[in-house]
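These notes are about the structure you will find just below.
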C-alpha cells in the first residue's frame, strides 16, 4: 500500500512540475524584474535609471517584443535597504522573472546577489560603478555595465596629465559614498604621482564650507578634486569657492553629472569639468533623447540611458538564447560582444570578455564641461 501511495505521490509531483514548466513557457509575457529605490536615500539615482528601463521596454514591445512575446517589467522598491532588497529579489523570482535588473545602490545590489546566485537567476546592474560587485561574491549569474570607479578616476587622471597638474586638493563630504569616492580618487592620484597636498571634509549638517575652503586656498593647489555626493554639503563647497573669489580649476566626480545638482547649485558650477559616461553628440544618444522627450515631456540625462541600455542588453540576451531558460539566458549574456551602447564615448560597445562580468569599455568614460548651467560638451575621452 505504501509503495502505491509513493508512486502516486511521485506521479502527482512530476505532473505538477511538468504543468509548472509548461505554464512558464506558455505565459503571455516575458517577465523581467526591476529593483529600484522609490522612497530611500538612493531614489535620485535609482528612479531615473528605471525610467529609462521602462522606455526601452515600451519601444521593444511596440516593435513586436522578443520571441513572439511582449516584455513585462515587474518593478519593486527596495527603499535602499539591503535586507528589503533581498526580500524583493526573492519576490520577483517567485513571480517568474527570467532576469533581474538592479537599479539601486551598491550595498543593496550586493545583497540581491545572494538570491540570484541561490536561484540561478541572471542579474544585471546597468549603472552601478562599485568595484567589488563582481569580486566579493563569485556569482556567474551577476553582470555589471556601469563605469567602474577605477575607470572614472583613470579618465580624470588622463585629463590631469594632459593639464600637467602635480599638486591638488581633495574635497568631499562625510557620507559613505563620498568617502568611498574620495578614497578611490586619492589612491589613483598617488599612484599616478600626483600629490594630494590638502584634504577637507564638509560635515553633514554644516552651514558653511568657508573654513575648509580657506585651508584649500592657503595650500595653493593647482586643481581641486571634488568627491562628494548629491547633497547640500557640496553646494556649500561651491558657494564658498565663489565667496572666496577662487579660480582654481575644479575636477568633479561622477556624482556631479546628476542634473539636480545644477538646480541646487545654480550659477555656481560653470567652468567645472566632471567625469561622465554620456556624450550628447552620439547618434545613439540623439535618438534616445528624442524618444525620452516624447515619452516623458522633459530632457533625458545619463542615468536614464543606463536603464535604457540595461533592458536592451537583457532582451538581446533573451533573443540570442532563443529561450526563456535562465541558464541559456545567462550564457547568452556572458557571450555579449560589441553591443552598441547609448552610454559611453563615441563608438563604445558593451562586451563581456571570457571569465569577466563587467561589460563597460574602460575607454568609454568622458570628461565634460559644465557651461551655462548645463552639462556641456565632451573635452576629453578615455584613459590614454
quick shape note, region 141-180: Cα extents on principal axes in Å, largest first -> 42, 27, 8
Measuring from the longest principal axis of the C-alpha atoms of the chain, the long axis of helix 232-243 (C-alpha) lies at a number of degrees, nearest 10, equal to 20 degrees
Quick P(r) readout (region 185-288; Cα-Cα; 5 Å bins; whole %) gives 2, 11, 21, 23, 19, 11, 6, 4, 2, 0
Here the relative contact order (percent) of region 261-384, from C-alpha pairs under 8 Å and at least 6 apart, is 31 percent
Full extension between residue 163 and residue 374 adds, at 0.36 nm per residue less the Cα distance, a length in nm of 73.7 nm
Mean projected area, convex hull of alpha-carbon positions in region 123-275, reported to one decimal in nm², is 9.3 nm²
The relative contact order of region 121-201, taking Cα pairs under 8 Å that sit 6 or more residues apart, comes to a percentage of 27 percent
Descending packing, highest mean Cβ count within 10 Å first, for 73-80, 286-293 is 73-80, 286-293
In whole percents, the bins of 5 Å from zero upward hold the Cα-Cα pairs of region 56-191 as 2, 9, 16, 17, 15, 12, 11, 8, 6, 4, 1, 0
Summing -39500 (n - 2.57) over every DSSP H run of at least 4 residues in the chain and dividing by its residue count gives a helix-only mean residue ellipticity at 222 nm, to the nearest 500 deg cm²/dmol, of -14500 deg cm²/dmol
Relative to the compact-globule estimate 2.2 N^0.38 Å (N residues), the Cα gyration radius of region 29-70 stands at a ratio of 1.37
The chain: spread of alpha-carbon positions along the three principal axes, whole Å, largest first, is 90, 44, 37
Note: region 242-384, point scatterers on Cα, Debye, no solvent; log10 I/I(0) at q = 0.10, 0.12, 0.20 Å⁻¹ equals -0.42, -0.58, -1.20
In a Gaussian network model of the chain with springs linking alpha carbons closer than 10 Å, the residue among 208, 102, 150 that fluctuates most is 208
With Cα coordinates, the longest principal axis of the chain makes an angle with the long axis of helix 176-191, in degrees rounded to 10, of 70 degrees
Per residue, the convex hull enclosing the alpha carbons of region 38-131 has a volume in Å³ of 97 Å³
Region 99-170, convex hull of Cα, quarter of hull surface, nm² -> 5.7 nm²
The chain: relative contact order from alpha carbon pairs under 8 Å, six or more residues apart, as a whole percent, is 17 percent
Listed residues 48, 249, 126; largest mean-square fluctuation, Gaussian network over the chain with Cα springs below 10 Å, found at 249
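Values quoted throughout were computed directly from the atomic coordinates according to the rules given, and no laboratory measurement underlies them. This one's a predicted model, so the numbers in the text were calculated from it and none came from an experiment. With ideal geometry, Cβ positions are generated from the backbone for all residues, glycine too; neighbour counts draw on all protein chains shown.
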